[in-house]
Amino acid sequence: MFVRGTDGSAWSKAWSLVPTVTLHLKILTAPTSFTVDQMVEGMRTVYATRGIGVAVGSRENLDLPLLTDLDVGSCTMGSVTTEQTQLFGNRNNVGTNQVAVYFIRSTNPPSNGCAAFPAGRPSCVVTSAASQWTLGHEVGHVLGLNHVDPTDRLMMGGGTWNITNPPPDLIDSERATMDNSPLTPSI
Ligand SMILES: [Zn+2]
């Protein structure tokens with residue numbers, strides 16, 4: 001940005017760099033209640049309140065009918081099923097420290113999404129049943145956030161359909177965790 005001051009001198013200020021997570025959207029089954037774009041917009045709205053950027057690096061449809069109803073087991077961070085490993089092997093365009101998001105029909109057992117991923121392959125799944133806040137919630141887990149109790153927070157553990165007083169909140173300590181993640185380089 002360049003501004004000419006009232007004294008005639010020119011001065012400049014560099015745009016500050018914004019910690020930004022880059023998503024690669026991989027669609028096996030389109031969600032039903034909200035579009036993928038609406039979910040990205042919902043995520044951007046919440047993340048922007050804490051100065052975290054959300055970029056879409058690529059988008060592709062995947063024809064993987066055997067994986068669109070995905071076994072996720074207990075959905076525990078760091079532990080994945082054979083099907084999750086197979087799905088997360090589809091990483092066209094996904095650069096180092098970028099996140100692959102797979103839009104699938106359902107998980108077994110049923111959920112809005114799951115953010116357990118194998119080491120070195122940051123990923124999450126979002127199901128057809130997801131709310132507009134599920135994408136941001138699952139990526140929040142990928143960035144290191146855990147569940148919390150207050151129902152007006154993005155990371156509330158009771159299901160994002162039950163979030164109260166939307167848009168949901170991120171707090172300062174969550175912002176610090178997200179900022180510290182290698183998945184949010186400043187760009
Ligand atoms: Zn969660």
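Here, each number is a calculation from the coordinates, and none is a lab measurement. Here the structure is a predicted model, which means the values were calculated and not measured. All Cβ positions, glycine included, derive from the backbone under ideal geometry; neighbour counts span all protein chains shown.
Could you tell me the distance between the Cα centroids of segment 140-186 and segment 30-100, to the nearest Å?
16
Can you list residues from other chains, or at least 5 along the same chain, whose modelled amide H is less than 5 Å from the amide H of residue 53?
Sorted by chain and number, the residues that satisfy this are 20, 21.
Relative to the compact globular guide of 2.2 N^0.38 Å, what is the alpha carbon radius of gyration of segment 20-175, as a ratio?
Relative to the rule-of-thumb radius for its length, segment 20-175 sits at 0.94.
Just subtract the alpha-carbon distance of residue 171 and residue 96 from 0.36 nm times their residue separation and send over the number in nm, one decimal.
Gain on extension, residue 171 to residue 96, equals 24.3 nm.
Counting DSSP beta bridges with both partners in the chain, what percentage is antiparallel, nearest 5?
20
Rounded to the nearest 0.05, what FRET efficiency is calculated for residue 76 and residue 128 with R0 set to 22 Å and r the Cβ-Cβ distance?
Using R0 = 22 Å, I get an efficiency of 0.45.
Just to confirm a number: summing +1 for Lys and Arg and -1 for Asp and Glu over residues other than residue 122 whose beta-carbon lies under 14 angstrom from that of residue 122, what do you get?
My count for the surroundings of residue 122 gives +2.
Which residues make up the longest stretch of the chain clear of trypsin sites (Lys or Arg not before Pro) that lie in a DSSP loop with no more than 16 other Cβ atoms within 10 Å, not counting the sites?
Longest stretch, sites excluded: 92-187.
Towards the positive end of the charge dipole of the chain, with charges on Cβ (+1 Lys, Arg; -1 Asp, Glu), say which of 183, 146, 39 has the farthest Cα.
Working it through, the farthest residue towards the positive pole turns out to be 183.
Would you mind checking which residues have amide H under 5 Å from residue 181's amide H? H placed 1.01 Å from N; only 5 or more apart, or other chain.
Long-range HN contacts for residue 181: none found.
Unpartnered cysteines of the chain (Cβ-Cβ under 4.7 Å counts as a partner)?
When partners are defined as cysteine Cβ atoms under 4.7 Å apart, the chain leaves 124 without one.
Obtain the nm distance between the two label points defined at residue 146 and residue 55 by a simple spin-label model: each point lies 7 Å from its Cα along the Cα-to-C-beta direction.
3.1
With a Förster radius of 30 Å, plug the Cβ-Cβ distance of residue 18 and residue 66 into 1/(1 + (r/R0)^6) and report the FRET value to the nearest 0.05.
So, using R0 = 30 Å, E works out to roughly 0.20.
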